[in-house]
Each structure stands twice: as C-alpha cells, then as structure tokens.
Amino acid sequence: MDATDPTTQATSENDLDHLVAYAIDKVKRLFGREDEPSVVVSPYRFNPLGAHIDHQGGAVLARTINQYTIFAFYPLDTPRIVLHCDSGDSADKAVAFDIGTTASDQNWARYAMASAASFLSFLPQVKGFSGLVYGSLLGAGLSSSASVILSYLAALASVNQLTLSTAEQIELVRRVENEHMGLNNGLQDQMSVVLGREHALSLLHMESVSATYIKDPDNIDEVSWVLCYSGFDRELISSGFNDRVRECREAASLLDSNAGFLGEVRLENRLEKNIETLPAHLARRAMHVFGEMDRVSKGAKAWADGDWSLFGKLMNQSCQSSVVNYECGSDPMVELRNIALTQADVYGSRFSGGGYGGCLIMLVKKEGVEKVKTDVLDAFLARYPEKRGVAKTFIGVAEKNVRLHSVSENPFA
C-alpha cells in the first residue's frame, strides 16, 4: 500500500522509520522502479549555547535531534541530476539539470545545484542521481539547509564511490553557503550535523574544526528538550544576518588592528574600558560575542555536572543578550521567549534560527513537559492565531550524525 505522509502525524519522539518508508515508497513510484533506492538520513540540530559566535571563532554547544532531511536516490551514469521535492511549499516540484549549473528560479533547487557544483572540486567528472528529497520541518532554524546540503553531498559521494572525511564535508558545505548562496555564516551548522553524537553535547571548536564531547550526566532523565516552532520561517539571506557579521568584524578591527574577527582580539583588548570606546552598536556586538564565549565555557561544565538550573540560566542570559546586544530577535520570537519565561518548569530557553524565526528551544523539567508543550503553544497562538495548524511544540530527542541509512524492511511495501 502507499505510505502515509508522516507530516500528517504528530511530531513525536521519533518518526524516522515512517519518514524513510514514505520517501522509499514515493521515489519508487516517481521513477517507476521496483529496486530499493539508497537513502541518506541527515538530522537537524540546535545550539543551546553559542549564539552568533561561530563566525567570530567562538566555540559552540550543539545537539543533533530527531528531525531530518531524508533523501532517497538512484545513481545515474551521467553528470545530471533529476530531483523531486516533497517538502513544504515545494511539495511535488521537480527539477533536472546538468552538474555545474548554479542558477534556478526555484529556491529549493539552488541547494542541490550548489552542492553538485562544489563537488566538482573533488572530481572533475561527476556522476549524478535521480531522487526525492524530503524535510520534516523546514525553515525552523534547526539547520535544515545544512542538513539538506549534507544529504546531497553524501549521495554524490556514494554514487561516485568517494569517501569524504568530516573535514571535507564541513568545507564543502561552507563553499555552498558562502560562495554559492551568498551567506557569511560560520561552520557551526554543518559541524553540528557531521559531528553529532547521540548521548552527548558536542562542544564545537571553530578554529580547529573539531569537537569535544560532553557526555550526558547520570541525571539526564530529569530533563527534556522541548521545542516550539513559531510557524515563522527562518531565512538568513534576507535578514540582517550578514550585516551583523560585518559589524562584528568592524568591532574586532577597532579593538585590535591585527584581528580579523572578534575571536582574534587579544585578551587585554577585550576589557570593558576598550569596548566602551567603540560606536554604541559595535560595542553591543562585542559584548554579546565575548559574553557568549564565556557562557559556552560555563555551560559545558554545567552540563557535565547536571546543573540544570545553571545551564538554564545561561540559556536565558544568551537569549537576552541576543535581543539586546546582538539585536536579532523578531517580535514573534521575543513574544515566544517571554511566554517561556513565565513557565515554572522551564529552566531556560533560547532562540534557534538566529532570532529571525524558527524555533524556541527550552530545557524543561521532565515532569512538566506536557504542561509546557500545551501552555506555551496555547499562549503563542492566542497572540498569533494565524499560525494555528502550523506552529507546534515537540520533544527533541537526541540523534546521531548524517549517514547512509540501512533499510531492513519497508512497512508500507
């Protein structure tokens, strides 16, 4: 029988089997094939601490969760890609192009084009694929763009019998986003997805492009991650994201003539008296970045200690600084965050998606999860009733990293 679209089901602890089965069933029907496709599973991620500092050389705390890009594909013997999309506003759309093409009037297709074009730097003769891409929650500020790029790269590597190192995957995503998409972001999104671990927070080091893992403490069962998707999509290219990156670099050069970004500013030049000499808006950017670097360091220890009160406090401080010093919070996201602050069972909360849209991440006492899910969503919808049926709350369950998926059986076959 036909698979049922899993997005019609409640977003719950783990719908991976349904997502994979749905993609397999549909890609077979789309291309009239009986043989099994290959499948890439590429999780989304969030960063509980480390807001807007990866592009300034700051370390970031990250976690991969059970929201995904699923990409089911068949290899082609030619340098061509035939791609169907079954996600959001792009559902049931299709595109076909020769590898090396980078222009499209369909925004969703640009990611595949740019991924394939970047892949040419590894192989001058690249074989393509035909496939179906499916995302469980697009535009939610959970790095669905990095997730989908990594899924295309994994498929290209598989088709061309090439093994990409973690460093190569991370660098290829950077090229796609910086050189092809025009986004001046850092490496945290792709590092989060490539280096994710199921039972640990990843402490991502931007300078060395590596991760240290902070094992979940023995009392991890006392808390859950609850996310509220606002229904307002996150789109960094059209936001003030690039402006903020530029302002941080301006602040760095004024604090230290040898610094290209704030992470390179010498410690003696980071003193409050030095920051106060900057133009007011640049001083705020510097205060956020240096403060967030400190919060990440303290947060790593708090997580290892299972000190949920301290970790939540640091999340709240991070979000407040994002609004006041980094000036990135949109009205709906600030409203959502203010609602979370009224919840007794929420230790702390922070934007995901840069504050421009997407999700609010909440660290919640286990016994209060269902009440928080209901109360936060109800209060938000009372303010934004037009998002009813779109906004949602769900539990974020820890996941692994991007990978080719082994399919033992298709329950919808």
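Which members of segment 204-242 meet the condition of being charged (D, E, K, R), modelled with pLDDT of 90 or more and loosely packed, with under 15 Cβ neighbours inside 10 Å?
LYS215, ASP218, ASP221, GLU222, listed by residue number.
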Item checked: helices (runs of 4 or more DSSP H) enclosed by segment 125-206 - at least 2 residues per element that are over 29 Å from LEU76 (Cβ atoms) -> 188-194
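Yes/no per residue for (1) within 30 Å of ARG29 (Cα to Cα); (2) within 21 Å of the chain's Cα centre (by Cα):
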| position | (1), (2) |
| --- | --- |
| PHE311 | no, yes |
| MET315 | no, yes |
| SER318 | no, yes |
| GLY348 | no, yes |
| MET362 | no, yes |
| GLU370 | no, no |
| ALA398 | no, yes |
| ARG403 | yes, yes |
Notebook entry, point to check: Could you say which residue among VAL41, VAL60 is buried (at least 23 other Cβ atoms within 10 Å of the Cβ), within 17 Å of the chain's Cα centre (by Cα) and farther than 22 Å from SER210 by Cβ?
Noted result: VAL41
Notebook entry, point to check: Could you say whether any residue in segment 345-356 is surrounded by fewer than 20 Cβ atoms within 10 Å (Cβ to Cβ) and more than 24 Å from MET191 (Cβ to Cβ)?
Noted result: yes
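The values are calculated or read from the model by the stated rules, or taken from the named source; none is laboratory data. All values derive from a computational prediction rather than experimental measurement. Reconstructed Cβ throughout: ideal geometry from the backbone, glycine too, with neighbour counts over all protein chains shown.
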